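Asks: Dumping the structure here so I can ask a few things about it.
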Amino acid sequence: MLLTFLGGVGTVTGSKTLVEPESPGGAPNGHRILVDCGLFQGPSEVRSRNWDAFPIDPATIDAIVLTHAHLDHCGYLPALVRDGFAGSVYCSPNTAALVPIILRDSARLQEEDTAWARRKGFSRHRDPRALYDSEDAERAIALLQPIEFGRDFSPVPDLTVRLDIGGHILGSSVVTIHETSRDRTTVFSGDLGRGNHPLLEPPAPPCGADAIILESTYGDRGHDDVDAEMDEMAMVITRTLKRGGTVVIPAFAVDRTEVLLSALRRLQDQQRIPVAPIHVDSPMALAALRVYLDAIRDQDAEISTAVLAEGSDVIDLPNLHEATTPTDSMALDRGGARIIISASGMGTGGRVTHHLKALLPDRDNCILLVGFQAVGTPGRMLLDGAHEIKIHGQYVPVRAEIVEIEAFSVHADADELVRWLTSCQPLPSQVFINHGEPESAQSLAERIRRELDIAVDVPEMGERVRV
Ligand SMILES: [Zn+2]
């Protein structure tokens, strides 16, 4: 079959790979599926690609298979549906539960940004419009088709597809595509988990793959020692709460919040931090939390056996408070010994910006940065030691303690990626590296060539290959 890389190459966002099966004679059989349909995110030159005309007519795509619910893997769906795609969107049941939360939030943000640009007149377009709106998002959501893990299905002739546990976030899947006409198997890693996610089972091995499409977010790096990082987190939280300060943790709403809650639970149970109110302040995070709690209560196969034994208490802490309304959220700005987990993860928007504005000027407070902070974001400026940052047009002095904890990555690092790849025996004859910054993708490719002696390609945008 033929693969065309339409996103997630040279960047970690915008994942989209077109798959065209061949008939027994070797000619394309005329059907097309897309693996992932992600939004480009980050700097404006990357984001602007969301506005380019889609390289093929979306109406000619028969079906989409999603690896998981992160915006960079599903966030372009409403645009594709608006432009004519009308097939099924296959994904795991938990992905089907999380995607609506993500797409509705994405549409709302775009509508708000457009309204803001229109009011302020700062867009370079005379009549700024949203990439897509809530109506487009609802039409995309209506196409979701949940498929259980481990079950073969055939979205188009000559292909059978299977989803297995990906271990990256709830619902994330490793996607195996078997081309029946040529008896060839291709495996997409999707975003690959680390095998030590506090709530999820490790990723399934890529069994029987002739070709593997492997992500490379951390393809040139190893992760720090988790235990040391947890020690630091315990110390920081303890000293902040003891001096009566608030710990603000900007966090991505889906998965990061759950991973943090399980870490806080563990530290609390081991009496390494005092018990203080923990506020989850993001409507999207609270909606996602419910999906995780349901999965634990339903004894879902992706939830790790240790967590199933403990039950939903692992993330449903007795001192957990839900800030549902804006009034609940604003009440947290008065400070005091508490922990606030709020989106967005890089402080670029959402309720956390209000908390930063209110709490940064007081040296009793602490901002705990737990995720990747892109250049130009408030999170990155804090990390780089800014003395003041601009929030909502106002300069806010930075007096709070700023601490970074890297223990919460849910992406496999270079060693883990190679280990997963080599769990496929015999080794695949072809490997394609995607979903990474160029240095990261190249470094992983070189390492695999050197250590495993297999053909590795780092495809470019629009490149078409045969597997
Ligand atoms: Zn992801």
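None of the figures in this text is laboratory data; all of them are computed from the coordinates on show. None of the values given here were measured: they were computed from a predicted structure. So basically every Cβ, Gly included, is an ideal-geometry build from the backbone, and we count neighbours across all protein chains shown.
Asks: Please enumerate, by chain and number, the lysines with C-alpha under 28 Å from the C-alpha of LYS242, excluding those fewer than 8 residues away in the same chain.
Replies: LYS357
Asks: Can you give me the relative contact order of the chain as a percent, contacts being Cα pairs under 8 Å and 6 or more apart? Kindly include the intermediate steps, with their values, before the conclusion.
Replies: Values: 1055 pairs, mean separation 84.9, N = 467.
Relative contact order, the chain: 18 percent.
Asks: Taking K and R as +1 and D and E as -1, what net charge do the other residues with C-beta under 13 Å from the C-beta of VAL352 add up to? Can you show the working numbers first?
Replies: Values: positive: ARG256, ARG351, LYS357; negative: ASP281, ASP333.
Residues near VAL352 contribute +1 overall.
Asks: For the stretch 226-404, what is the relative contact order in percent, using Cα pairs closer than 8 Å and at least 6 residues apart in sequence? Don't jump to the answer; show the numbers that get you there.
Replies: Values: 310 pairs, mean separation 52.3, N = 179.
After rounding, I find 29 percent.
Asks: Let me ask something else about it. Classify the stretch 226-404: rounded, prolate or oblate, from the alpha-carbon gyration tensor (a ≥ b ≥ c, eigenvalue square roots; a/c under 1.5 rounded; otherwise prolate if a/b is larger than b/c)? Numbers along the way, then the final one.
Replies: On the way: a/c = 1.78, a/b = 1.54, b/c = 1.15.
Because a/c hits 1.5 or more and a/b exceeds b/c, the stretch 226-404 counts as prolate.
Asks: When the helix-only estimate is applied to the chain (DSSP H runs of n ≥ 4, each -39,500 (n - 2.57), divided by the residue count), what is the mean residue ellipticity at 222 nm, nearest 500 deg cm²/dmol? Write down the numbers at each step before the final one.
Replies: Details: 14 runs with 146 residues, N = 467.
The helix contribution divided over the chain gives -9500 deg cm²/dmol.
Asks: Here's a follow-up. What order do you get for MET381, MET461 when you list them from fewest to most C-beta neighbours inside 10 Å? Mind showing how you got there, number by number?
Replies: Values: MET381 19, MET461 15.
The fewest-first ordering by Cβ neighbours comes to MET461, MET381.
Asks: Listed highest first by mean packing, meaning other Cβ atoms within 10 Å per residue, what order do 277-284, 393-400 come in? It would help to have the intermediate numbers written out before the result.
Replies: Working: 277-284: 22.6, 393-400: 14.0.
Packing order, densest peptide first, comes out as 277-284, 393-400.
Asks: Now for a separate question. What dipole magnitude, in Debye to the nearest 20, does the chain give about its Cα centre under +1 on Lys/Arg Cβ and -1 on Asp/Glu Cβ? Don't skip to the answer; put the middle values down first.
Replies: Details: 43 positive and 67 negative charges, 288 e Å.
That gives a dipole near 1380 debye.
Asks: For the chain, build the charge dipole from Cβ charges (+1 Lys, Arg; -1 Asp, Glu) around the Cα centre, then report which of ALA309, GLN41, GLY14 sits farthest towards its positive end.
Replies: GLN41
Asks: Then there is this: What does the highest-first list of 243-251, 444-452, 74-82 look like by mean Cβ count within 10 Å? Mind showing how you got there, number by number?
Replies: Numbers: 243-251: 24.1, 444-452: 16.7, 74-82: 26.0.
Averaged packing, sorted descending, gives the order 74-82, 243-251, 444-452.
Asks: Additional query: Within 11 Å, Cβ to Cβ, of LEU241, how many net charges do the neighbouring residues add up to if Lys/Arg are +1 and Asp/Glu are -1?
Replies: On the way: positive: ARG239, LYS242, ARG243, ARG338; negative: ASP364.
Cβ neighbours under 11 Å give a net charge of +3.
Asks: Also, I was wondering about something else. So how strong a dipole does the stretch 97-238 carry about its Cα centre when Lys and Arg Cβ are +1 and Asp and Glu Cβ are -1, to the nearest 20 debye?
Replies: Charge dipole, the stretch 97-238, about its Cα centre: 840 debye, nearest 20.
Asks: Want the number for ASP52 to ASP183: 0.36 nm per residue separation, take away the alpha-carbon distance, what's left? Intermediate results must be reported in sequence, preceding the final value.
Replies: Numbers: separation 131, 0.36 × 131 = 47.16 nm, distance 3.57 nm.
My answer for the length gained is 43.6 nm.
Asks: Compute the FRET efficiency between PHE153 and ARG243 as 1/(1 + (r/R0)^6), taking r as their Cβ-Cβ distance and R0 = 56 Å, and round to the nearest 0.05.
Replies: The calculated FRET efficiency here is 0.50.
Asks: With the Cα gyration tensor of the chain giving a ≥ b ≥ c as the square roots of its eigenvalues, does the rule (a/c under 1.5 for rounded; else a/b larger than b/c for prolate; else oblate) give rounded, prolate or oblate? Could the numbers behind the result be given before it?
Replies: Values: a/c = 1.81, a/b = 1.46, b/c = 1.25.
Prolate, because a/c is 1.5 or more and a/b exceeds b/c.
Asks: Sticking with this one: For the stretch 418-467 and the stretch 340-394, what is the centre-to-centre distance using only Cα atoms, to the nearest Å?
Replies: If we compute the Cα centre of each part, the gap is 37 Å.
Asks: Would you please classify the overall shape of the stretch 51-124 from the alpha carbon gyration tensor, given that a ≥ b ≥ c denote the square roots of the eigenvalues, rounded means a/c under 1.5, and beyond that prolate means a/b larger than b/c while oblate covers the rest? Can you show the working numbers first?
Replies: Details: a/c = 3.03, a/b = 1.48, b/c = 2.05.
Since a/c reaches 1.5 but b/c is at least a/b, the shape of the stretch 51-124 is classed as oblate.
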